[in-house]
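What follows is a set of notes on a single structure, which appears directly below.
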Amino acid sequence: MANGNSVIDDLNAEQAKELDATVCKHIIANLGHESATLRAVTDFASWTGRANYLLPVEVFTVNYDLLLEIALEQCAVPYFDGFTGNYQARFQTDLVEAMPPHDNDSVPAFFVRLWKLHGSINWAWRANNEVVRLGQPSETLPAAIYPSDTKYDESRRVPFVVLQDRFRRSLHHPETLCLVAGYSFGDAHINELLFKAAGKRERSEIVVFCHSTIPESLATKAASTPNIQVIAPTEGMIGGQRG
């Protein structure tokens, strides 16, 4: 907006801000874990705790909820989410940007890396436009979840851009195995990162598990990119062949 009096889609700046806050509140209210079935995430968390690989396991999610955090804590799996602290944890860009095998002086390799690309219901904006991680879902501070006005606000690039860059660099690590589950390929910027990495890193493997049908954009790319493998309930794509 050029100034505070500008109107876009019948909303001025103040009304847009109020709408954003209202939407975030409704999202938080509907993402409580009390009625959630945790079996899948606790099974996954348990596996990450036993995954004794040379390099750390990195989990990237576009979900806002706290189910992964709850599961990791229930399974006593240490993890690092980019923030340090408890009350209003601060984002540590230098620790997030450290990449294996050159991050020996940062977070230990046995810590699972949990990267929430679109924010979380316990992330909040402080008055200085800094994102902090709270000990519980944000109630008093504006929630930092994406997309919102932050998508277009260049003054609020951290931590979203830092985490997206971490995803890009992790995908381009030689001979990476990337498992994709619960993702509908509805975000163009995420798709681009996955597809570019598959094309440039032929010795890496991307395995996609689809809950229902195979999204057309994924099927088109997998047909010409043999290292993208797709598994759905009634069909699959292996080596570019669908059957």
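Observations
- Between Tyr53, Tyr146, Tyr64, the GNM of the chain built on Cα springs shorter than 10 angstrom shows Tyr53 fluctuating the most.
- Region 39-155 - convex hull of alpha carbons, volume per residue in Å³: 114 Å³
- DSSP beta bridge pairing in the chain, given as percent antiparallel to the nearest 5: 50 percent
- In a simple Cβ point-charge model (Lys, Arg +1; Asp, Glu -1; nothing else charged), the chain has a dipole of about 580 debye relative to its Cα centre.
- In terms of distances greater than 30 angstrom between alpha carbons, the cross-link table entries Lys17/Lys200; Lys17/Lys196; Lys17/Lys221; Lys25/Lys116 yield Lys17/Lys200; Lys17/Lys196; Lys17/Lys221.
- Mean-square fluctuations from a GNM of the chain, with a 10 angstrom spring cutoff on Cα atoms, peak among Asp81, Asp20, Asp94 at Asp94.
- Note on the chain: with a GNM built from Cα contacts shorter than 10 Å, the maximum mean-square fluctuation among Val230, Val180, Val23 falls on Val23.
- Neighbour count of at most 12 Cβ within 10 Å plus DSSP loop: longest GluC sites (Glu not before Pro)-free window in the chain: 35-138
- Under the convention that each Lys and Arg Cβ holds +1 and each Asp and Glu Cβ holds -1, the size of the dipole of region 1-134 around its Cα centre is about 280 debye.
- Backbone geometry of region 9-14 corresponds, through the Karplus equation with coefficients 6.51, -1.76 and 1.60 at θ = phi - 60°, to 3J(HN,Hα) couplings of 6, 6, 10, 8, 4, 5 Hz, x marking Gly and Pro.
- nm² value of the averaged projected area, convex hull over the Cα atoms of region 172-242: 4.1 nm²
- Diagonalising the gyration tensor over the Cα atoms of the chain and scaling each eigenvalue by 5 before taking the square root yields semi-axes of 31, 23, 19 Å, largest first.
- Local electrostatic count at Leu31 - Lys and Arg +1, Asp and Glu -1, tallied over other residues with Cβ under 14 Å: -2
- Table column - 3J(HN,Hα) (Hz), region 180-194, Karplus curve with 6.51, -1.76, 1.60, x for Gly and Pro: 10, 9, x, 10, 9, 6, x, 10, 4, 5, 6, 4, 4, 5, 5
- For the chain, the residue among Gln241, Gly182, Leu171 whose Cα projects farthest onto the positive side of the dipole built from Cβ charges is Gln241.
Each value in this text was obtained by applying a stated rule to the coordinates, not by laboratory testing. No experiment lies behind these values; they were computed from the predicted model shown. So basically every Cβ, Gly included, is an ideal-geometry build from the backbone, and we count neighbours across all protein chains shown.
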